[in-house]
Amino acid sequence: MAVREIILYATHQDALRKKSKAVPFINQKVRQLIRDLKDTLAASSDGIGLAAPQINIHKRVVIACPGAEIDGEWQAGPPVILVNPEIIEASGERRDFDGCLSFPGLYGETARPHHLRVTGLDETGEAFDRVYEGFNAVVIHHEIDHLNGVLFIDRVENLKDLYTLRENERGEIERVPVTVNMP
Ligand SMILES: [Zn+2]
């Protein structure tokens, strides 16, 4: 996808741009939504988070896989559900890797907080108050953005920070900058 196409795609994705509504309580419909989010994420090969508007349901529910640094590399953990997540603290903004299941194969560098404190409800309706640090904060911040119609490409400041990945002849993964195709 060229940048122009990405922008056209993104601006025409009403489903991704619409703001989602808070869930008043966990009823049968919300439980079904949670199951659908889990199934959709599990069916993706490299997804680490998904928000309800990405499957065209405009409720404030996200799934994400906060993980841990293992031998200096971040690895996703088991999925958690956040209902009505609200950011009550955000700090430590710096640039990090970003990508989205709604933009397969496209990656970028965005500036996001690396410390987040989030309140909300878990999938049983129990209130939580959690702190996410490092890349976990990035993942959660990305998903909460979706509930407000904000996409990661909105946070990419420079075109050169947007790229696809390919394997070169030495078998290494390298970045391929996205080029602009003018009409
Ligand atoms: Zn996304």
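The values are calculated or read from the model by the stated rules, or taken from the named source; none is laboratory data. A quick note: this is a predicted structure, and the numbers were derived from the prediction, not measured. Positions of Cβ are generated from backbone atoms using ideal geometry, with glycine treated the same way; all protein chains shown enter the neighbour counts.
Here are a few things to note about the model shown:
- Where strands (runs of 3 or more DSSP E) fall entirely within segment 88-183, those with at least 1 residues that are within 28 Å of residue 27 (Cβ to Cβ) and under 15 Å from the mean Cα position of the chain (by Cα) are at 107-121, 127-133.
- Restricting attention to segment 111-145 and to residues that are more than 24 Å from residue 99 (Cβ to Cβ) and either of a type in the set (Val, Ile, Thr) or within 16 Å of the ligand (Cβ to nearest atom) (or both), the residue that is surrounded by the fewest Cβ atoms within 10 Å (Cβ to Cβ) turns out to be 124.
- Segment 35-51, residues that are aliphatic (A, V, I, L, M) and surrounded by fewer than 16 Cβ atoms within 10 Å (Cβ to Cβ): 42, 43
- Residues located in segment 35-47, provided they are modelled with pLDDT of 95 or more, under 14 Å from residue 100 (Cα atoms) and in contact with a helix residue (DSSP H, G or I) (Cβ under 7 Å, 6 or more places away or on another chain): 40
- Any hit, segment 11-34, residues being more than 16 Å from the ligand (Cβ to nearest atom), surrounded by fewer than 16 Cβ atoms within 10 Å (Cβ to Cβ), at pLDDT 95 or above and part of a strand (DSSP E or B): yes
- Each residue in segment 47-65 was checked for being within 12 Å of the ligand (Cβ to nearest atom) and not in a helix (DSSP H, G or I), and 8 of them qualify.
For every residue, the table says whether it meets (1) closer than 26 Å to residue 56 by Cβ; (2) modelled with pLDDT under 95.
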{"position": "115", "(1), (2)": "no, no"}
{"position": "131", "(1), (2)": "no, no"}
{"position": "138", "(1), (2)": "yes, no"}
{"position": "145", "(1), (2)": "yes, no"}
{"position": "153", "(1), (2)": "yes, yes"}
